[in-house]
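A.B. asks: First the structure, which I've put down as structure tokens, then a few questions once you've had a look.
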Amino acid sequence: MIWLGLDTANAPLSVALVRDGELLVELNSAMGLNHSAGAMPAVEQLFKRAGIKPADIDAIAVSEGPGSYTGVRIGVTIAKTLAWTLDKPLVGVSSLRVLASNVFTYGVTISPMIDARRGNVYAGLYRRQEDGTLKCLMEDRHMALSDLLDRLKKEGNPVVFVGEGARKNEEALREALGELGRRAHFTQDIPRASLLITEAQQAEPETVHSFVPEYRRITEAEANWQKANGEAREK
Amino acid sequence: MNDIHILGIETSCDETAASVVKNGREILSNVVASQIESQKRFGGVVPEVASRLHVEQITLVIEEAMEQAGLRPEDLDAVAVTEGPGLVGALLIGVNAAKAFAFANGLPIIGVHHIAGHVYANRLDGGMEFPLVALIISGGHTELVYMERDGRFELIGETRDDAAGEAYDKVARVLGLPYPGGPHIDRLAHEAQGTVEFPRARLEEGSFDFSFSGLKSAVINHVHNARQKGQEVDTASVAAGFQESVIDVVVEKTVRAAKEKGVRQVIAAGGVSANKGLRAALSEALEKEGIRFSVPPLNLCTDNAAMIAAAGTSMYEAGIRSDMALNGRPGMELLSWTMK
Ligand SMILES: [Zn+2]
């Protein structure tokens, strides 16, 4: 069974082909790539290196967000189009779960983090279990970094911070958690499509046509509209 | 000669569209999922909302277009997709879906300019006779293009500020008309008893450029002044005056361009070319000059993918190909392609 994995949820790009639990090819870049121009050439190169055709794959895994709205949409659009036209199952995996899967330490809280500006982050909390699987402790959400840190401080468990958001907010994390918090190695801050596939293998396939990103935030226009109309109703 | 079948994909603004066209002339399917209902409440197209809706619709629309055409991917010769101009986030949904589809099925991909698509919509209905002048008039564009022959474009005039359709929408909003405002203003202008005079922006002598922001401001000022004085605004006369000013300038410049270039045909394209007042005025003025005037039917005037497939077919025949690095280009310029 051959899986194609694709993560363009944030600045890094990762694409991989995995056959029966064995990595064939993985291409990773941490650079702020233009995914719209760069993702499909990477996919094309991936197949060329592996020496297989698009129709040879059996399933597709994609990072469904949260992250850069545009980045997530490019990955999801590519993945759902491939899955539909090749008639293969499609599995979406949280982009935060993919980051958390870079951490193999047991007994710690894994805190993957994507910066969302103005003191906010996209965050979820995970734990690596005895059987090797990742358990979700807190569902992915858009939140104030200070709220996340308060919660972690209160819980008092050792934490590993991972992801570009953790790098950007390194000082705040150290100040808030001190010895309790540790930073993952910098190589763990970028998502790996091969690990995305590992996570996807434990999840249910999506309905391809209706599959959309997990933005974890409504658009500003919708938020304003809801506010205006909510207020209008109250009057 | 073998038939050419091209799948067209268009997502440059608020329509998710796919179509299969045979030989650049015959529509086998033409599917459009419009976002107007979702965008109405915001009074215009919100880019982030548009992008989200495109992702929801894209594979459904392509599947529908392929099923209606009764073709399988291997029956296609290429995939043509709108490369630009348009909303960047919206464009790249179509571009990436098109690339993924083309890659999966081993098909060539061709990036098409949206305005070239609007012009080539006429290939699908009545045909194109060169040399011609095309007036592209919509919510995003007001342009005069000269085409000496197939695949050759020369931009001879464009708007320096608002697009005509944009001015229509803004005036409609001030008059309290629903979005999109164009059809409402058109209807009111026909019902009007009187006309409020507004200025004509002809710009400098000989220019084929347009400007609508001055007219828009004049209308808005008129309405605000009247309201401040507690006078009732005669919406219909304002709509009539506004429309008359737009039509006067557009018709004068289009006819002058056609005469100067000695063309056989004038083509109108884009959403505003559905405007009845504009159609009638252009048709009358060009008939006097003995120049053929064509406007495709409404479903080919507004954004659709059949027009992208039609332009893509001309490019395909000329040997034009893009590759997997094709990107959405929001500010793309209209470039010519040369026949082999
Ligand atoms: Zn258009």
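A.B. asks: Going through B:Val263, B:Val233 one at a time, which residue ends up being over 28 Å from B:Val223 (Cα atoms) and part of a loop (DSSP other than H, G, I, E, B)? Talk me through it step by step, then tell me what you get.
C.D. replies: On the way: B:Val233 fails: over 28 Å from B:Val223 (Cα atoms).
Step by step, each of B:Val263, B:Val233 is checked, and only B:Val263 is over 28 Å from B:Val223 (Cα atoms) and part of a loop (DSSP other than H, G, I, E, B).
A.B. asks: Checking the structure you have, find out if any residue of the range A:140-151 is within 16 Å of the chain's Cα centre (by Cα), surrounded by 15 or more Cβ atoms within 10 Å (Cβ to Cβ) and closer than 25 Å to A:Trp3 by Cβ.
C.D. replies: Yes, the range A:140-151 has at least one match.
A.B. asks: Determine which member of the set B:Ala121, B:Ala78, B:Ala65 is within 12 Å of the ligand (Cβ to nearest atom), more than 9 Å from chain A (Cβ to nearest Cβ) and aliphatic (A, V, I, L, M). Spell out the reasoning first.
C.D. replies: Values: B:Ala78 fails: within 12 Å of the ligand (Cβ to nearest atom); B:Ala65 fails: within 12 Å of the ligand (Cβ to nearest atom).
The match here is B:Ala121.
A.B. asks: Give the range B:86-118 a look and list any residue that's more than 14 Å from the ligand (Cβ to nearest atom) and either on the phi > 0 side of the Ramachandran plot or more than 14 Å from every other protein chain (Cβ to nearest Cβ) (or both), or say none. First the steps, then the outcome.
C.D. replies: Start the filter on the range B:86-118 by keeping residues that are more than 14 Å from the ligand (Cβ to nearest atom), which leaves B:88-89, B:92-93, B:95-111.
Scanning the range B:86-118 gives B:Gly106, B:Ile110.
A.B. asks: Moving to a separate point now. In this structure, is B:Ala189 away from the ligand (no atom under 16 Å from the Cβ), among the small types (Gly, Ala, Ser) and in a helix (DSSP H, G or I)?
C.D. replies: Details: away from the ligand (no atom under 16 Å from the Cβ): yes; among the small types (Gly, Ala, Ser): yes; in a helix (DSSP H, G or I): yes.
So B:Ala189 passes the test.
A.B. asks: State all residues of the range B:284-308 that are away from the ligand (no atom under 16 Å from the Cβ) and at negative phi; if no residue qualifies, say none. Step through it out loud before you land on a result.
C.D. replies: Applying the first criterion (away from the ligand (no atom under 16 Å from the Cβ)) to the range B:284-308 yields B:284-294.
Answer for the range B:284-308, where residues must be away from the ligand (no atom under 16 Å from the Cβ) and at negative phi: B:Glu284, B:Ala285, B:Leu286, B:Glu287, B:Lys288, B:Glu289, B:Ile291, B:Arg292, B:Phe293, B:Ser294.
A.B. asks: Suppose we filter A:Val43, A:Val72 for residues that are in the same structural domain as A:Ser14 (by TED's automatic domain parsing) and either within 18 Å of B:Ala104 (Cβ to Cβ) or not in a helix (DSSP H, G or I) (or both); which single one remains? Even if it seems obvious, please write down each step before you answer.
C.D. replies: Working: A:Val72 fails: either within 18 Å of B:Ala104 (Cβ to Cβ) or not in a helix (DSSP H, G or I) (or both).
So the residue among A:Val43, A:Val72 that is in the same structural domain as A:Ser14 (by TED's automatic domain parsing) and either within 18 Å of B:Ala104 (Cβ to Cβ) or not in a helix (DSSP H, G or I) (or both) is A:Val43.
A.B. asks: So, one more: Restricting attention to the range B:201-216, does a residue exist that is surrounded by 15 or more Cβ atoms within 10 Å (Cβ to Cβ), assigned to a helix (DSSP H, G or I) and hydrophobic (A, V, I, L, M, F, W, C)?
C.D. replies: yes
For (1) away from every other protein chain (no Cβ under 12 Å); (2) touching a Phe, Trp or Tyr at 6+ places or on another chain (Cβ under 8 Å); (3) in contact (Cβ under 8 Å) with a residue 40 or more places away in the chain, each residue gets a yes or a no:
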residue	(1), (2), (3)
A:Thr8	no, no, yes
A:Leu24	yes, no, no
A:Pro41	no, no, no
A:Ile57	no, yes, yes
A:Val62	no, no, yes
A:Arg73	no, no, yes
A:Val91	yes, no, yes
A:Tyr106	yes, no, no
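A.B. asks: Mind listing just one residue for me: the one in the range B:1-19 that is more than 15 Å from the ligand (Cβ to nearest atom) and within 14 Å of chain A (Cβ to nearest Cβ) and, of those, surrounded by the fewest Cβ atoms within 10 Å (Cβ to Cβ)?
C.D. replies: Taking the range B:1-19 first, the residues more than 15 Å from the ligand (Cβ to nearest atom) are B:1-7, B:18.
Checking the rest, the ones that are also within 14 Å of chain A (Cβ to nearest Cβ) come to B:7, B:18.
Details: B:Leu7: 32, B:Ala18: 37.
The residue in question is B:Leu7.
A.B. asks: When you scan the range B:310-337, how many residues do you find that are over 24 Å from B:Lys22 (Cβ atoms), of a type outside the set (Asp, Glu) and touching a residue at least 40 places away in the same chain (Cβ under 8 Å)? It would help to see each step written out before you state the result.
C.D. replies: The initial filter retains those residues of the range B:310-337 that are over 24 Å from B:Lys22 (Cβ atoms), namely B:323-325, B:327-336.
So of that shortlist, the ones also of a type outside the set (Asp, Glu) come out as B:324-325, B:327-332, B:334-336.
Retained after the next criterion (residues that are touching a residue at least 40 places away in the same chain (Cβ under 8 Å)): B:324, B:327-332, B:334-336.
Number of matching residues: 10.
A.B. asks: Would you tally the residues in the range B:312-330 being within 14 Å of another protein chain (Cβ to nearest Cβ), touching a Gly at 6+ places or on another chain (Cβ under 9 Å) and not hydrophobic (A, V, I, L, M, F, W, C)?
C.D. replies: 5
The values are calculated or read from the model by the stated rules, or taken from the named source; none is laboratory data. Since we're looking at a predicted model, the values are computed, not measured. Here Cβ is always computed from backbone atoms with ideal geometry, including for glycine, and neighbour counts include all displayed protein chains.
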